[in-house]
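Below you'll find the structure, written out as structure tokens, and then a few comments.
The values are calculated or read from the model by the stated rules, or taken from the named source; none is laboratory data. Predicted model, so just to flag it, every value in this text is computed and none were measured. Please note: Cβ atoms are built from the backbone with ideal geometry, for glycine as well, and neighbour counts cover all protein chains shown.
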Amino acid sequence: MMSEYIKEINEKMTKSLGKVNPNALPKLTKVVLNYRVADGRDSQENLAAAEKELMAISGQKPRLSKAKKSIAAFKLREGEPLAYSVTLRGTRMYDFIYKLFNIVLPRLRDFKGLPQTSFDNQGNYSLTIRDQTYFPEVNLDLVNKIRSVQVTMSISASSIEESKMLLSTLGFPFEKN
């Protein structure tokens with residue numbers, strides 16, 4: 001299914017960009033999910049619950065990121081847990097993107113599309129979903145705290161316009177100007 005999906009997207013991108021070489025087309029290389037756990041240093045239960053939630057959302061085990069150095073202003077000590085992160089590639093990446101675009105984003109309250117200004121200089125797109133309960137895999141009975149999920153889509157494109165074109169071809173809901 002994924003190879004047919006990628007072929008269809010590449011055909012659309014070839015028509016719109018006019019590039020003959022399929023390797024010159026912009027591609028989605030990876031999706032990184034970041035799940036901040038500020039209360040992880042206080043209790044192991046919150047840390048375990050956050051890990052299970054992100055595992056259900058992404059379909060793979062997350063990696064725990066810890067503080068590299070102490071910062072007194074943030075009351076942070078070296079080695080304390082900060083966040084969980086997951087890098088999705090291949091089939092899981094496309095499955096997550098499909099679920100994000102067609103199930104999660106339409107569930108958002110007063111959703112009118114996502115801004116076109118969240119691209120960085122390389123053409124990668126970042127967004128934050130403020131509530132993890134919008135994902136259908138999260139069991140609402142087991143949620144003890146509302147956390148935000150940060151999603152970064154890494155795109156191999158030569159410009160921001162090509163990245164926008166790829167995301168809109170994938171079905172990304174941009175804001176109407």
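Every condition in (1) surrounded by fewer than 19 Cβ atoms within 10 Å (Cβ to Cβ); (2) at pLDDT 80 or above; (3) among the small types (G, A, S) holds for A50 except the one numbered (1). Within the range 1-44, restricting attention to residues that are exposed (fewer than 11 other Cβ atoms within 10 Å of the Cβ) and not charged (D, E, K, R), the residue that is modelled with the lowest pLDDT is M1. Residues in the range 149-172 that are more than 16 Å from the chain's Cα centre (by Cα) and β-branched (V, I, T) were compared, and the one that is surrounded by the fewest Cβ atoms within 10 Å (Cβ to Cβ) is T169. Could you check how many residues of the range 99-123 are assigned to a loop (DSSP other than H, G, I, E, B), among the polar types (S, T, N, Q) and exposed (fewer than 12 other Cβ atoms within 10 Å of the Cβ)? Number of matching residues: 2.
Condition check ((1) free of Cβ contacts under 8 Å to residues at least 24 places away in the same chain; (2) in contact with a helix residue (DSSP H, G or I) (Cβ under 7 Å, 6 or more places away or on another chain); (3) of a type outside the set (F, W, Y); (4) not in a helix (DSSP H, G or I)) across all residues:
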| site | (1), (2), (3), (4) |
| --- | --- |
| A49 | no, no, yes, no |
| K52 | no, no, yes, no |
| A56 | no, no, yes, no |
| L64 | yes, no, yes, yes |
| K69 | yes, no, yes, yes |
| A73 | yes, no, yes, no |
| V86 | no, yes, yes, yes |
| T91 | no, yes, yes, no |
| D95 | no, no, yes, no |
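The C-beta contact set for the range 146-173 (first residue among the basic types (K, R), second residue assigned to a strand (DSSP E or B), distance under 9 angstrom, 6+ apart or interchain) comprises R147/Y35; R147/R36; K164/F119; K164/Y125; K164/F174.
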